[in-house]
Amino acid sequence: MSEKKFWGWGYEDFEIAPTLLEQYKTMLQFSLGIKEFVKKPIPELSDIELRTPRFSLPPSFSNFCTAAKKDRAAHSYGKSFRDIWRAVYGRFDNPPDYIAYPKTEQEIQEIMNFAQANRVALIPFGGGSSVVGGVEPTRSDKYSGVITIDMKHFNQVLEIDRKSRTARIQAGIYGPALEAVLKPQGLTIRHFPQSFEFSTLGGWIATRSGGHFATLFTHIDEFVEAIRMVSPKGIMESRRLPGSGAGPSEERLISGSEGTFGIITEAWMRLQDIPKYKATTAVNFKDFNAGVEACRQISQSGLFPTNARLVSPMEAFSNGLGDGSNTVLILGFESAHHQVEPLMKEALSICSKLGGSWNEKKSGGKKDDAAAGRWKKSFLQAPYLRDELVRLGLVIETFETAVTWDQFEHFHQEIERTAIECIRSECGKGIITCRFTHLYPDGPAPYYTVIAKGTDGKQLEQWDTIKSAVSDKIIELGGTITHHHAVGKDHRPWYEKQRSAPYGKVLTNIKKTFDPEWILNPDVLIRSDE
């Protein structure tokens with residue numbers, strides 16, 4: 001079985017396609033004026049120094065807790081640029097003191113009781129794919145240390161209700177393992193974030209993950225029927241119902257709480273029948289704004305495409321979708337019950353009226369359009385590619401948001417202008433690309449990628465300056481600080497500006513009810529002094 005990297009994304013033995021890596025290197029050397037790359041070596045565990053645990057555990061915890069070096073290093077960070085960069089440079093100055101791998105809710109409760117009594121912070125880990133500082137140990141001196149709780153043993157599908165098309169699933173199960181159990185039943189959760197292979201059901205719920213559907217059912221909370229959570233004050237379990245108007249939703253309260261109220265142990269999830277009918281087409285637009293308008297009209301048409309990724313020319317080129325002269329809309333429809341070609345035909349009709357063009361021979365068939373297939377492959381390899389580019393000294397990171405259609409044109413121009421100005425000031429040369437990840441009748445969710453020339457040893461400060469500038473601009477212009485990456489530690493300062501003051505107090509009081517000693521994921525989502 002392949003080993004996961006302790007320092008970066010995915011498996012140690014995964015090899016990114018050489019042609020893709022060379023294509024990127026050539027493109028970036030040309031666009032950023034880099035004569036030669038100097039590649040940082042892969043960090044070796046033997047070279048990493050970790051501090052000694054700052055406190056001792058009860059002997060009874062030895063059955064499910066460890067202070068092993070690799071475990072602690074692998075749980076020190078998530079998977080953002082900031083995380084990968086620090087790991088590549090060997091900076092593991094704040095590891096968790098212990099890693100707990102509980103097998104029962106009773107063990108979770110025992111850890112919580114110990115943490116409350118000894119002022120120890122607890123970090124729910126999920127799959128560790130956070131890109132917003134959501135699983136990084138606190139640096140606060142209010143705590144005597146940190147235990148990270150890895151839920152990998154909570155990995156079973158406990159019940160399947162085929163008639164209601166739901167399943168009771170433990171929170172620590174990873175995406176591929178979940179789908180492997182559901183597939184023989186003709187079912188799927190159909191929630192495929194980019195982190196699918198390395199993230200868990202509990203992590204998806206805790207962060208309100210965005211997934212497979214580009215329209216209609218875009219976030220995981222649409223599929224949560226009921227939820228069970230262990231908190232320092234006991235277990236909260238909601239009732240299985242197809243819908244309810246009885247007060248604020250308990251499930252929605254926990255969705256997006258980022259492990260600050262408790263640890264999700266299981267949930268009843270709404271499932272889908274496995275699609276039998278599929279159609280995918282790559283539509284080219286000479287004008288980016290025409291592609292934007294096509295997306296708006298499609299989002300308001302009631303067609304509800306499964307996939308609708310509008311990709312800007314530079315990003316399209318870097319992902320093998322042409323020569324960089326066109327904006328590309330990856331358009332897809334799926335169904336388990338009916339033919340989707342009529343839906344595709346209607347969507348393409350909208351695109352045609354706005355100047356869109358596509359390969360007639362490859363549109364609407366059972367197999368993916370070749371260009372769409374290349375995009376999918378590139379999309380899945382992107383995190384591995386990011387790790388390689390970090391090692392080459394580049395500043396490479398993303399940020400995402402959402403805004404209403406009436407604001408988008410000005411919003412997009414200002415975000416790109418702000419980013420480019422900051423890139424030039426901090427890095428000299430760089431690029432920013434954009435794609436839509438999700439579409440709503442009232443607005444899109446644009447996702448931006450920054451790639452810039454880094455200064456050795458200073459890339460982290462360069463990115464932090466760029467990130468701060470664009471985040472300020474996002475809030476100033478009425479966007480959300482995050483559409484699907486969650487808040488974590490990194491986004492919290494801007495989330496505090498986005499949410500209303502009374503709601504901040506509501507969250508604080510809920511936190512105090514579930515977690516009066518404030519031991520669960522401190523610094524994430526809510527400040528302890530609020």
Quick test for you: out of 228, 190, pick the one residue that is farther than 16 Å from residue 306 by Cβ, of a type in the set (Lys, Arg) and open to solvent by 10 Å² or more (accessible area, probe 1.4 Å). 228
Filtered residue count, region 355-373, keeping only those that are buried (at least 18 other Cβ atoms within 10 Å of the Cβ) and at pLDDT 70 or above: 2
Any idea how many residues of region 61-78 are hydroxyl-bearing (Ser, Thr, Tyr) and touching a strand residue (DSSP E or B) at 6+ places or on another chain (Cβ under 6 Å)? 1
Right, residue 32: modelled with pLDDT of 90 or more, out of contact with any Asp or Glu (no Cβ under 8 Å at 6 or more places or on another chain) and over 30 Å from residue 175 (Cα atoms) or not? yes
Return the pairs, sorted by first residue and then second, in which the second residue is part of a helix (DSSP H, G or I) and open to solvent by 30 Å² or more (accessible area, probe 1.4 Å), the first residue lies in region 70-91 and is within 12 Å of residue 391 (Cα to Cα) and among the acidic types (Asp, Glu), the beta carbons are less than 8 Å apart, and the residues are 6+ apart or on different chains. none
Keeping to region 12-33, report how many residues are open to solvent by 50 Å² or more (accessible area, probe 1.4 Å) and not charged (D, E, K, R). 7
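Sort out for me the strands (runs of 3 or more DSSP E) sitting completely within region 222-302 that have 3 or more residues that are more than 21 Å from residue 125 (Cα to Cα).
Passing ranges, in order: 277-285.
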Can you tell me which of 220, 169 is touching a Phe, Trp or Tyr at 6+ places or on another chain (Cβ under 7 Å) and among the aliphatic types (A, V, I, L, M)? 220
Is it the case, given these coordinates, that residue 47 is under 22 Å from residue 518 (Cα atoms) and of a type in the set (Asp, Glu)? no
Restricting attention to region 210-245, which residues are free of Cβ contacts under 8 Å to residues at least 40 places away in the same chain and touching a Lys or Arg at 6+ places or on another chain (Cβ under 7 Å)? 220, 221, 237
Among the residues of region 440-486, count how many are aliphatic (A, V, I, L, M) and touching a strand residue (DSSP E or B) at 6+ places or on another chain (Cβ under 7 Å). 6
Look at residue 49 and say whether it is over 26 Å from the mean Cα position of the chain (by Cα), outside any loop (DSSP other than H, G, I, E, B), among the acidic types (Asp, Glu) and within 26 Å of residue 463 (Cα to Cα). no
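So that you can scan it fast, the table gives a plain yes or no per residue for (1) open to solvent by 30 Å² or more (accessible area, probe 1.4 Å); (2) without any contact (Cβ under 8 Å) to a residue 40 or more places away in the chain; (3) within 21 Å of the chain's Cα centre (by Cα); (4) within 17 Å of residue 353 (Cβ to Cβ):
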position: 267; (1), (2), (3), (4): no, no, yes, no
position: 275; (1), (2), (3), (4): no, no, no, no
position: 280; (1), (2), (3), (4): no, no, no, no
position: 299; (1), (2), (3), (4): no, no, no, yes
position: 304; (1), (2), (3), (4): yes, no, no, no
Leading residue by the ranking (farthest from residue 239 (Cα to Cα)) among those in region 137-159 that are touching a helix residue (DSSP H, G or I) at 6+ places or on another chain (Cβ under 8 Å) and either among the basic types (Lys, Arg) or without any contact (Cβ under 8 Å) to a residue 60 or more places away in the chain (or both): 155
Quick check on region 510-530: of everything there that is part of a helix (DSSP H, G or I) and not aliphatic (A, V, I, L, M), which residue is surrounded by the most Cβ atoms within 10 Å (Cβ to Cβ)? 511
Number of the condition not met by residue 31 [criteria: (1) hydroxyl-bearing (Ser, Thr, Tyr); (2) touching a helix residue (DSSP H, G or I) at 6+ places or on another chain (Cβ under 8 Å); (3) under 18 Å from residue 454 (Cβ atoms)]: (2)
For region 394-499, give me every one of the strands (runs of 3 or more DSSP E) that falls completely inside it and has 2 or more residues that are open to solvent by less than 30 Å² (accessible area, probe 1.4 Å), among the aliphatic types (A, V, I, L, M) and out of contact with any Leu (no Cβ under 8 Å at 6 or more places or on another chain). 430-440
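The values are calculated or read from the model by the stated rules, or taken from the named source; none is laboratory data. Keep in mind the model is a prediction, meaning the values are calculated, not measured. Quick reminder, even Gly has a Cβ in these numbers, built from the backbone with ideal geometry, and neighbours come from all protein chains shown. These area figures cover heavy atoms from the full protein model, side chains too; ligands, DNA and RNA do not enter into them. Shrake-Rupley method; radii C 1.70, N 1.55, O 1.52, S 1.80 Å.
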